[in-house]
Amino acid sequence: MHERGPIRCALRTWPMADAVAVAKARAVAASGAMAAGSGPGRELPAEEAALEVSWVQGFSNKSFGFINNQTVCYPCGNYILFLDLETKKTTALQCQTGPVGAFAANASSEVVAFSDQKLNPIIYIHHFPELNKLTELKGSAQLDYTLLAFSFTGPYLASYSSIPEFVLSVWNWQENILLCSESQPGITATSLSFNPMNWQQLCFVGESSVTIWHIERIEDEHHLKRNPVELPDEQGSISPHEDLFFPVSRSDDPYHGPDLPVSAIAGLVGDEAETFVPRNNIKTSVHPTAHCWTATSEIYMGCKEGYILAIDADKHCVSILQPKPPPEYMQKISDVVSYVRREVQKKKGGELNDRQNPLFSMAFCNEGLYAAGRDGILLFYHIKDLQYEMKVCADISQSISSLIFSPDYASLLLVTDQGPVYSYKPAHSGEAVKLLDTCSSCFLEADFLTPGNKYCVSVTISGEVQVWLLEDGTCLGKLNLDIEATAMACCPSSNSVAVGTKRGQIYFLDVTKAEAPRVVHRIFLSNFPVLSLHYDQSGQFLIARTTEGHVFILDARPSKLFQVLGYIVLADEVLDLSVVSDLKNDLVEVMVLLNGAEVQRARLEIFCLSSAITTDNDKCVNDQGMFNASAFKKKQYELDYPLSSAVKLKDNIVYGYCTCAPFICKYHLSEENMLEDPPVFSSEKRIPSNQFGSGFLCVSPNSQWLAAAAKDGVLFIYNISTMVIREETQRFANQKQELQMGIKKLRQTIQQMMYENEQVPDIEKLEHQEFNLDMEEQERLQAEAEQEVARARKEIEMENLSNCYLQDFIKYECWDALCVKGRAVKCFHMDCEVKNYPLEERSKEELETLEKVLRLKDTETANLKVQKEDLETESETVLSEEEGKKEAKAVADDGESFCLIGSLSSQYGGDTSILYHQCDLHTKEQRVNQIVLLKDIIYKVKTAFNKEFDIVAQQKEQEIARVKERNLRIREILEQLDLQVEVWEPALTDDEMPERALTVQDSEIKAEKYLTQEEKERAEMLAKLEMEKRLAATDDDRLRALDDMMGGVLEVRKEDILKMNIPPPPFISKPEDLWSDEEKKIFGEYEKKVKELNEEKEEYKKTLENEWKKLEASIQETTQNFDETVCKLSERKVKSEMVIYQEELKIVNLTCALLLDEELDTREAGLHNCLIKKKKEKVKKAKTVLTAKSKVDAYTGTYKDAVGEEKNLERRFRKQFADTPDDVLDELYRLYTHRPKSPRTEMLLDTPNPYGNCSGSEDYKDALTLLMKAMDELDSPEHMPEGLEQSIWKNFCLARRKKMESEELVKRKALKLAGMQAFFQRRMDENEKMKSQIENIFNELTWLQEKKMKLQQNLTVQFVLKQGQVELENTEIPDYSDAILIKKSVVEELNCSISTQGEKKIAAIIEFKDFSRGIRRLEWEHKKMRMQIEDLKEKARDIVILPISKDCQLFLTVQNYGSHIAQHIAGMEETLRFMDKLHEKNVKNHQKKIRELKKSIRLKEEANYELSLQLKEMLVSVSERRHIFEAADTRDISEKITKQRYQEILKQKNLRDLIKEQKEEFASLQSELEILRTRTPPHI
């Protein structure tokens, strides 16, 4: 840039934009601040300058519209662009308050409406082509408008706001009046449109809903009437709407009660009860994607699922035109077949009969319906009723998002998702022509191409590179890289562009030819995305930044193929990078802004690049390509504010954009190298930026201009020269230099002292901290480290504390809170387990409630007893007579009490006397008290069982203790018998002792236990003391002597008899023949003692074995007895469970009754609430009806006056022209009643607009004007009758015009009156409907009261039936109206007679069965005999035809067949022995051969070894000769010799081949000669 003249800037929004703009600065003020944009309501001061937009390019969204037949408009960033289709010129309309939000265009009025994106947005209406603002619409929207729509006729505009209001509003934009509005909370809209034939109908389309809004009016009042449309579900079925609050039918179950709505069951009261829908009833409907209106006020709608629907806007019903497409796995085949069919049939005329793809855009015309989807094919539907024909019109191979007809319906715009816009001419049926070639992807970056005055280059996120002409914004060329781009930079020294990608690659483009950019090189840096690219001013280096914190340095010259010189690894995340070139010293300074560990600070690293790294690159990098530490010198700086962007100037001035506050900080960095812990630099100056959000900075190449952009989209440009205070710098320059020199000298002195300190011996060395001049900083860092350690320790302690709390909470809830812990008892020998009932201790509130209920029950019982005593008025004689009957009845009642109570709780610890009688539970309080008492009975039953369980559990512990005592004796016996037998020893399992789970044993911990140093020393000391005690106990002479002599005991015990052995005499080792008589006698005595000792051992062993068996039998008997006890306890548990289930069944029945009563109350409250609402609505509707009636009556009078005036004009006609002759008067009357044809009707007869003349009553003045123009022809003198004066003709024309104006006025008033009467009738119908609904609510409330009374009287009573009685399978209660009562004895006698007759019948049946069995036995024996006869006959036949072999003959003829067989076997054995000898001989021969072969193999191996040694020597000699040959450089000679030798070898080979061929030829000739000789006879 230059300081003077216009400045051209390529603007980029933050973070990524959908438009790129080029602006020129109109002026540069003295203050140096120039704003490219300003916030809302902000006026530019006189000293500031503004940027004038030259051109804008981009495509914000798919909003497109015609402003007239030749001009389209669409939003683009902060602008609305108007494109002339013929001249291709573009006009821009800027939104002064920020980006454009919702957008709509109206071709009939040539106006455009758009909203801004800010708080409390405003809708702006502008007129084209002047682009002047007509009006501003300020509604109640707080955040944004999502949709805008113009009516086809009339000055009406519909708007829909987003969260939080979701308000649909209708405006009269000409008069700036809000007509009406309605809220739809939570509904997100996708499209909105007026009915072209009737502006009082609106189609509102949501994500999965469609609503037809009717705008009803009466005079100046407007009302929005909502009419939802029931869409089909995803399967295409249309189900009618079901009112869940007022169901159509009601069922009444005598057991479960009436069938109530789900809202009453859910307990909902109020508005939620009327709108509640269960999850199971919610059906997913289709998702509308596009819609359009027809000329018959129908709506064609495409769905995401593939359906095409036809919606009647008046009846609000839906019909399916096109069914759902096939599944996905069939869709692929269908797409292939459709493509082939499409290509073939397009050549034949474009007919297509079967296509089912989701449609995302629609447009209606006279001929039919145009539709398109993601496949990029434009289809035409010719629809008749519910049948259609389909034809392919065009294929652009891009997803089409919307279709828009021009106002004259001559062209159709096809807007694609990728950005390009096509134009299709339906009349010509040709191919679609590309109208606008844009990219829908967001622009990433834009930069000027060298020298910066002709071209600029932009890149989108999708990787499309575009070259623009700066003069008018013409796109000269583009190139799609087909990869996601992340950065871009233009080289200042060549016409090349570098583009970084998400995959870590850099593409280098040659833009020498702006019309055809091309990729010339590509480099892969890393697997991480490239974040930014920066060239230095000279274009020598390219610096690339990646996400992993690496900075790559590349040679920017194309002649070096953009070589990667190396990379630098930075410790922290890189936020920004700035490059400053020092052309005098041939250096490039790179400043990196890092995201340091300190959140409230920023860190800078600066390093210099010299030309040495390009000339001698190998010395600067290591083997991995990373720059060495000596390649360049790094400087680190800490700044006092966190920054999002920073730039550096040549005089060590740094400007940074602060993230914590809206200002720009200025820093001055020192020259000297910084230490590892650099000091924190404070900002010298803070410049307010008046911007919002994080931003970035950019400095001009001449360091004169500083640009700042932020997320709010506003760009500020500052003049740096006015921001720098040069006087202050010059004033203190000397002092500053002196201080710097002093600090530098002091630093050198300290470094020298540290170096000398390293050279002295260790005893004389000083610590490094003694050289630290800033002790406070060191102490601060140590304090911070200690604080961090304390914080980490505190976090760990808090985490451990939370875990301990969670542990204690779980233990308390699941263990400590139980007064009876859950445990089990298992059998010893059976798979039977019984568990007790875990019980929680009843709370104080529960006990108080129980006590209160018991007191209340006692009070009621005493009250009933007093009432009975007061009512007893009969005499004592009558009582005495009935006393016997009552005693007998009491005895019977004792047997039937269980049946009436409904459970057997009294037999298992429960007290049923405290319960209410089952037939007395009529009130809610009684049922609740009964539930409390039943729960108390269940608790007592469980407590009673737990007591028995505890006894059995204690008994098992005692049994285990007894078994352990007996096992001790069994182990002693086994030890004495020296037997290794496993002893069965029972133990309690974890289920029987659950408290084990709360104690962690040392054996369960697999990790080594951690011991502190004190614990280790204590453990070592204890182990040492234990060892000393053990050694002292073993070092006892008396004990050792006793152990050696008598086995450690003073007397021999009977148990030691098995260990006793009699020592043999010493001469036992001599032979027996050398023994003397004395020795033989001694040996005899020895044998006798040994025999006696063995007998004693055997006898003692038998005693021990018998004792062992008795102990085992005792253990088996006691454990089996315990198992029987556990089995009985299990049976008791089953019966207790049965009793508990009986009581719980009572509780369930009572709870159901309470729930039903509560549901009835809830339903009644919901109906009362609905009734109140309906009454309020009825009052409002009644007021509306009265108001409408009064307005209709008032306007009816006005209409009648107009009709009367019109008739008076007709009557006054003859009076006015009474002087004219009769024949002329008749002719005048005929002309007086004659009316011209409607000019608009004639004009629209041949129009392609399918909606024709859809003007409403608002066009009364326009219609009257057209009619008066049409009357000009009839008023001409040529239509004047003959003989009529000119003055009379003029009066006649004036009278006729007045009459026509009166007729038009009557027609307009008649239409208005009809609309008012229709409005009044609809309000009347709604009022009548409201009356019917209120009456139905009253009827249902009456029915609920009756049901509540019946349910209070009809009780559910539970009975315990005896086994054997028949229970009813059907749950329905039988009808006892015709039943009779009889005595029980009669039934029993009848049962006895029936059982007697049944026994007789059984006896007869058994006798018949035995007789039949005998008959079947005889038949079976007879059949057996017949089969035996057949078998014998078959055997005789086999004997007759049996063939006799040689062996059989030998057996029959030889007398001594056994000896013959023995001789034969002996011969065979002799032969076998001979064969064995022969086999052994052959084996020996083979073994001899194997030995010889092994010997030869060994000789061969030795020879091979010698040959291998010779081969090694020969290889050595060969290599020596090769080296000698190579050293002698006789390659040419050897090659010549080799060629000669090769020629000789080839010659020899050819000669051999020739000899071979001649031999074969000679042999063939010789064979032929022999054949000829044999054929030719010899000559004699």
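The values are calculated or read from the model by the stated rules, or taken from the named source; none is laboratory data. These figures come from a predicted structure and were not determined experimentally. Positions of Cβ are generated from backbone atoms using ideal geometry, with glycine treated the same way; all protein chains shown enter the neighbour counts. Heads up: the accessible areas ignore ligands, DNA and RNA and are worked out on the full protein's heavy atoms, side chains in. Shrake-Rupley method; radii C 1.70, N 1.55, O 1.52, S 1.80 Å.
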**Rounded FRET efficiency, nearest 0.05, which uses the C-beta distance separating GLN782 from ASN281 and R0 of 56 Å** = 0.25
**Request:** Obtain the nm distance between the two label points defined at PHE1525 and ASP858 by a simple spin-label model: each point lies 7 Å from its Cα along the Cα-to-C-beta direction.
**Result:** 12.8 nm
**Message:** On a straight-distance basis, which lysines could pair with LYS1207 in a cross-link, Cα separation under 18 angstrom, same-chain partners fewer than 8 positions away excluded?
**Reply:** LYS1215, LYS1298, LYS1299, LYS1307, LYS1309
**Prompt:** What is the gain in length, in nm to one decimal, between CYS442 and LEU968 on full extension, counting 0.36 nm per residue of separation less the C-alpha to C-alpha distance?
**Reply:** 180.4 nm
**Asked** So which of LYS857/LYS1348; LYS666/LYS736; LYS821/LYS1006; LYS685/LYS711; LYS1176/LYS1348; LYS942/LYS1128 end up more than 21 Å apart, counting from Cα to Cα?
**Response** LYS857/LYS1348; LYS821/LYS1006; LYS685/LYS711; LYS1176/LYS1348
**Radius 14 Å from Cβ of SER162, net charge of other residues (Lys, Arg +1; Asp, Glu -1)** = -3
**Message:** Order 471-483, 155-167 from most to least packed using the mean count of other Cβ atoms within 10 Å.
**Reply:** 155-167, 471-483
**Request:** Please give the contour-minus-distance gain from ASP816 to LEU224: 0.36 nm per residue of separation, less the Cα-Cα distance, rounded to one decimal in nm.
**Result:** 206.7 nm
**Prompt:** Rg and Dmax of region 97-235, using alpha carbons, in Å: what are they?
**Reply:** 14.8, 52
**Prompt:** Protein chains only, probe 1.4 Å: how do LYS1299, LYS1494, LYS1383 rank by accessible area, largest first?
**Reply:** LYS1383, LYS1494, LYS1299
**Asked** Which distance in nm do the two modelled labels at ILE1490 and LEU766 give, with both placed 7 Å along the Cα-to-Cβ direction?
**Response** 9.1 nm
**Request:** Just need the Rg to Rh number for region 503-594, please, alpha carbons only, Kirkwood Rh.
**Result:** 0.98
**Message:** Given a 1.4 Å probe and heavy atoms of the protein chains only, how would you sort CYS317, CYS491, largest accessible area at the top?
**Reply:** CYS317, CYS491
**Request:** Tell me, rounded to the nearest percent, the portion of alpha carbon pairs in region 929-1016 spaced more than 23 Å apart.
**Result:** 61 percent
**Asked** Looking at region 775-825 from every direction and averaging, what is the projected area of its Cα convex hull in nm²?
**Response** 4.8 nm²
**Prompt:** What area, in nm² and to one decimal, does the C-alpha convex hull of region 1131-1211 cast on average over all directions?
**Reply:** 9.1 nm²
**Request:** Using Cα positions and a limit of under 22 Å, work out the lysines in reach of LYS1081, with same-chain residues fewer than 8 apart set aside.
**Result:** LYS1070, LYS1089, LYS1091
**Asked** If you rank ARG1297, ARG374, ARG1473, ARG1163 by how much accessible surface each has, with a 1.4 Å probe, what is the order from largest down?
**Response** ARG374, ARG1473, ARG1297, ARG1163
**Asked** Which residues in region 983-1000 have a backbone N closer than 20 Å to a point placed 7 Å from the Cα of LEU1022 along the Cα-to-Cβ line?
**Response** 1000
**Asked** Based on the Cβ-Cβ distance from GLU1096 to GLU846, what FRET efficiency comes out when R0 is 45 Å, to the nearest 0.05?
**Response** 0.05
**Request:** Note down the accessible area of ILE1465, probe 1.4 Å, to the nearest 10 Å².
**Result:** 80 Å²
**Request:** Treating cross-link reach as a plain straight distance, find the lysines whose alpha-carbon is under 24 Å from the alpha-carbon of LYS1409, omitting any fewer than eight places away in the same chain.
**Result:** LYS1400, LYS1401, LYS1423, LYS1424
**Request:** Apply the Debye scattering formula to region 1168-1218, with a single equal point scatterer on each alpha-carbon and no solvent, then give log10 I(q)/I(0) at q = 0.16, 0.19, 0.27, 0.32 Å⁻¹.
**Result:** -0.64, -0.73, -0.92, -1.02
